[in-house]
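Only one structure is covered here, and it is reproduced in the block below.
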Amino acid sequence: MTSSSFSRRALLGAFAATSVAAAPTLSNAAGLLRGAGDIRRLRMFSGRTGERIDMIYWIEGEYIADAIKEVNHFMRDWRTNDVKKIDTRTLDILAATHNLMDVHEPYMLISGYRSPKTNAMLRSRSSGVAKNSRHLRGQAADLRLSSRSVNQMAKAALACHAGGVGRYSKSDFVHMDCGPVRTWGS
């Protein structure tokens, strides 16, 4: 272990306890996406794999490579076990949205990266799955919170002015991606 690696691990531990107090308010969400703030944190669990993550992945303008690697693995296609690099812009949107809602509950990840095989299978079962989905590029996530409604989550994501937000009220999840700013669903 290098001293640089040890230093980052020590910082992760030190900042973990203070990250909740540093959560942004609705008025400065866009500032968080532009680099304001000292840390960015992700808290998620997968009902499919039973895995959980709770980690700081960005500190003072720098992404933490080991943390990003863990997020990539966590957000893999659980059906095929294929891993793809998740676009950090998507991670930033997820983190900012979570902070805006001022919740301690982790997101439930419904879908992160999707392999072409998985996307084709899902398209054959549902008209709501896009042929060229941003999930295929590692640029999207479908998420749920039991303590917030689909509309509350979508409103917070839209406040970030940073990507696509889809409401799937019947399935109880919100799609967030780092594509063009747009919205759909009810």
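The values are calculated or read from the model by the stated rules, or taken from the named source; none is laboratory data. Every value quoted in this text rests on a predicted model; they were computed, and no experiment measured them. Cβ coordinates were reconstructed from backbone atoms using ideal geometry, including for glycine residues, and neighbour counts include every protein chain displayed. The accessibility values were calculated without ligands, DNA or RNA, using every heavy atom of the protein model including side chains. Shrake-Rupley method; radii C 1.70, N 1.55, O 1.52, S 1.80 Å.
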When only residues in segment 25-39 that are hydrophobic (A, V, I, L, M, F, W, C) and either modelled with pLDDT of 95 or more or not in a strand (DSSP E or B) (or both) count, which is most open to solvent (accessible area, probe 1.4 Å)?
Leu26
Taking Asp82 and the conditions (1) more than 17 Å from the chain's Cα centre (by Cα); (2) free of Cβ contacts under 8 Å to residues at least 24 places away in the same chain, which numbered condition does it fall short on, given that it satisfies the others?
(2)
So Asp38 fits all but one of (1) closer than 24 Å to Gly185 by Cα; (2) over 17 Å from the mean Cα position of the chain (by Cα); what number is the exception?
(1)
I want to confirm something. Restricting to segment 136-156 and keeping residues that are within 12 Å of the chain's Cα centre (by Cα) and more than 16 Å from Met44 (Cα to Cα), which single residue is most open to solvent (accessible area, probe 1.4 Å)?
Gln139
Residue identified as open to solvent by 10 Å² or more (accessible area, probe 1.4 Å) and either under 21 Å from Leu145 (Cβ atoms) or modelled with pLDDT of 95 or more (or both) among Asp77, Asp87:
Asp87
Here is a check on your reading of the model: is Ala162 within 12 Å of Thr97 (Cα to Cα), surrounded by 17 or more Cβ atoms within 10 Å (Cβ to Cβ), without any contact (Cβ under 8 Å) to a residue 40 or more places away in the chain and over 12 Å from the mean Cα position of the chain (by Cα)?
no
Thr183: passes all of (1) part of a strand (DSSP E or B); (2) under 24 Å from Ile39 (Cβ atoms) but (2)
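Kindly establish whether Lys170 is surrounded by fewer than 15 Cβ atoms within 10 Å (Cβ to Cβ), within 17 Å of Phe45 (Cα to Cα) and out of contact with any His (no Cβ under 9 Å at 6 or more places or on another chain).
no
Might you check whether a residue that is closer than 18 Å to Ser171 by Cα and surrounded by 17 or more Cβ atoms within 10 Å (Cβ to Cβ) occurs anywhere in segment 40-53?
Yes, there is a match, as at least one residue in segment 40-53 is closer than 18 Å to Ser171 by Cα and surrounded by 17 or more Cβ atoms within 10 Å (Cβ to Cβ).
Taking the options Asp66, Asp92, name whichever one is within 16 Å of Gly179 (Cα to Cα), outside any loop (DSSP other than H, G, I, E, B) and at pLDDT 95 or above.
After applying the criteria, what remains is Asp92.
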